[in-house]
Amino acid sequence: MELITIENKQYILGDYILNNALMYSKGVRSSRELVKKKNINEKKYIYARYVNNQWIKTEGKSIKFDKILIRYDYAKLITELQLIEDNNNNNNNNNVNPITIIEDTKIEEAPKILILEDSEKFKDNSGKILEIETRGDRNVESIYFKVKDIMIIFEIPNLIKTITDKRYDGFSEHIHYKYFNCIKIGEPVNTTNKKNIVKELYLTYEGILRVLFASLSPKIKKFIKWATETLFAIQIGTINHKHILVSNILGVNAQTIKEVFNTYANTITCIYLFTFGYAKDLRDSMNINDSINNDSIIAKFGFTNNLTRRTQEHIRTYGNIKNCDLKLKNYIYIDPQFLSNAENDIKYFFTVLNLKLNYENCNEIVIIPQNLLKIVSDKYNHIGKQYAGHIDELNIKIKDLENELLKEKYINELDKEKHKNEMKDKELEIEKCKNELEKEQHKNEILNYKIILLNNNIK
């Protein structure tokens, strides 16, 4: 790896990160795109051009010649690169030494890196993916998460000490954490060369949950909300909760939709989006190119004046494709008089995005990457509002009626309060009269007493 010094600051090529931090750079095609997607601060990178055997700082106007250089201190935070400050380095030394030489041969070799789809990764409550190096298998007993990644993402600088210090009663080796010998990324695979091996700490699945639910770090709060909602839905949520959890990504099962709509007397005019499943499951049966990401979703868009009938047709036509799990992801009501306009808009939308998949002469099947799902849903909603027609008028009438009801409710509440106040006034008036009566009775008693005294004196 080349360390580049410009204005007494050390940099590495952005392309080095692309080639050596595959998880960190997933979905990124260039260094410029990396800077944008990762929101790297402007102070942490520059543009530079290699001229006459030296790097010269530029303004970055030429995509071809001006390269992105990332500050070395920033690159060290990317745990995949496994970089470390070497106090013996000078500006002429272009090598970065490995972190630690391992002498303990009792530590196991690290299992292979597990490449997770975006839908399988940990997220915060806003849906932001948390990139944590994961190794092992998709099994609760044999999956491991890199501690250094967790430290950086959740800003828990003392996590390693908390986990391994025996004075803390809570974490047990092999139950909550485990050490592995890892081949240093970018080095030849040679387990006999100890300089290529680094000792790394990983959390088990039970361990990572213990850390995340016990930590007081404010960064973890966003994750906790997502995790608790997801775990609740899976474990003790209602059937509706579970349906929502699944349908958030792929939609609702087509057979379920058919059964529901069969009880509905009127036809439904709409634009729709049915999903078939993930590219990884349909790659062979639908001849999907290997360049398509495994977690991309295969779907069919369209329009109809009778969604019940169209659902039945799609079950017959596409339901027998191997590994196809037909679900209704989106359907938006359209005023029948505007259906052709809505059709043209949705066709143009998918054409512009270049998402279409050629499959058996059907030009309405598309491949939707995970990062475009929200954009697609937003587009459907936008078209629905644009062509709502009389449905929109009905919604306005409903809103007006709701406002009238609220107004009536408000008036009734005012009347109730007014009645309460009137009752209070009457109660006060009664209390006042009682007091006056008691005073009069007291006066009468005194007067009677005086009369008795006078009578006694006369006698």
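The values are calculated or read from the model by the stated rules, or taken from the named source; none is laboratory data. It should be emphasised that the depicted structure is a prediction, and the values quoted were computed from it without experimental measurement. All Cβ positions, even for glycine, are placed from backbone atoms using ideal geometry, and neighbour counts span all protein chains on display.
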Only one of Asn52, Asn90, Asn94 is more than 25 Å from Val147 (Cβ to Cβ), at pLDDT below 85, of a type outside the set (Phe, Trp, Tyr) and in contact with an Asp or Glu (Cβ under 6 Å, 6 or more places away or on another chain), namely Asn94
If I ask for residues that are in a strand (DSSP E or B) and more than 13 Å from Ile208 (Cβ to Cβ), which ones from the range 138-176 would you list?
Glu173
Determine whether the range 389-404 contains at least one residue that is at pLDDT 80 or above and either part of a helix (DSSP H, G or I) or hydroxyl-bearing (Ser, Thr, Tyr) (or both).
no
Among (1) modelled with pLDDT of 75 or more; (2) in a loop (DSSP other than H, G, I, E, B); (3) on the phi < 0 side of the Ramachandran plot, there is one condition Thr105 misses while meeting the rest; what is its number?
(1)
Considering only residues that are outside any helix (DSSP H, G or I), of a type in the set (A, V, I, L, M, F, W, C) and closer than 17 Å to Lys44 by Cα, which ones fall in the range 1-29?
Leu3, Ile4, Ile6, Ile12, Leu13
Looking at the range 266-379, what strands (runs of 3 or more DSSP E) fall wholly within it and have at least 3 residues that are more than 24 Å from Lys123 (Cβ to Cβ)?
270-278, 297-304, 327-333
Of the residues Ala279, Ala299, Ala342, only one is in contact with a Lys or Arg (Cβ under 8 Å, 6 or more places away or on another chain) and either among the hydroxyl-bearing types (Ser, Thr, Tyr) or in the same structural domain as Glu360 (by TED's automatic domain parsing) (or both); which?
Ala299
If Ile99 satisfies every condition in (1) at pLDDT 80 or above; (2) touching a strand residue (DSSP E or B) at 6+ places or on another chain (Cβ under 6 Å); (3) not polar (S, T, N, Q) but one, which is the exception?
(1)
Return yes or no: is Lys356 more than 20 Å from Cys270 (Cα to Cα), basic (Lys, Arg), surrounded by 12 or more Cβ atoms within 10 Å (Cβ to Cβ) and out of contact with any Gly (no Cβ under 6 Å at 6 or more places or on another chain)?
yes
Residue, nearest to Ile129 (Cα to Cα), within the range 3-37, restricted to residues that are free of Cβ contacts under 8 Å to residues at least 12 places away in the same chain and buried (at least 17 other Cβ atoms within 10 Å of the Cβ):
Ser25
If you check Ala388, Ala299, Ala342, which single one turns out to be among the small types (Gly, Ala, Ser), crowded, with 16+ Cβ neighbours inside 10 Å and touching a Leu at 6+ places or on another chain (Cβ under 8 Å)?
Ala299
Within the range 332-363, restricting to residues that are farther than 13 Å from Thr304 by Cα and touching a residue at least 60 places away in the same chain (Cβ under 8 Å), the one that is nearest to the chain's Cα centre (by Cα) is Leu357
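Can you tell me how many residues within the range 38-58 are aromatic (Phe, Trp, Tyr) and either under 29 Å from Ile132 (Cβ atoms) or out of contact with any strand residue (DSSP E or B) (no Cβ under 7 Å at 6 or more places or on another chain) (or both)?
Number of matching residues: 2.
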In the range 120-137, residue farthest from Lys26 (Cα to Cα) [restricted to those that are among the β-branched types (Val, Ile, Thr) and assigned to a strand (DSSP E or B)]:
Thr134
Take the residues of the range 310-331 that are free of Cβ contacts under 8 Å to residues at least 40 places away in the same chain and closer than 27 Å to Ala388 by Cβ: which is surrounded by the most Cβ atoms within 10 Å (Cβ to Cβ)?
Arg310
Is it true that Arg49 is out of contact with any Gly (no Cβ under 6 Å at 6 or more places or on another chain) and without any contact (Cβ under 8 Å) to a residue 12 or more places away in the chain?
no
Condition (residue is under 23 Å from the mean Cα position of the chain (by Cα), at pLDDT 55 or above and part of a strand (DSSP E or B)) applied to the range 238-251: is it met by at least one residue?
no
Flag for Lys379 being charged (D, E, K, R), at pLDDT 90 or above and over 15 Å from Phe276 (Cβ atoms)
yes
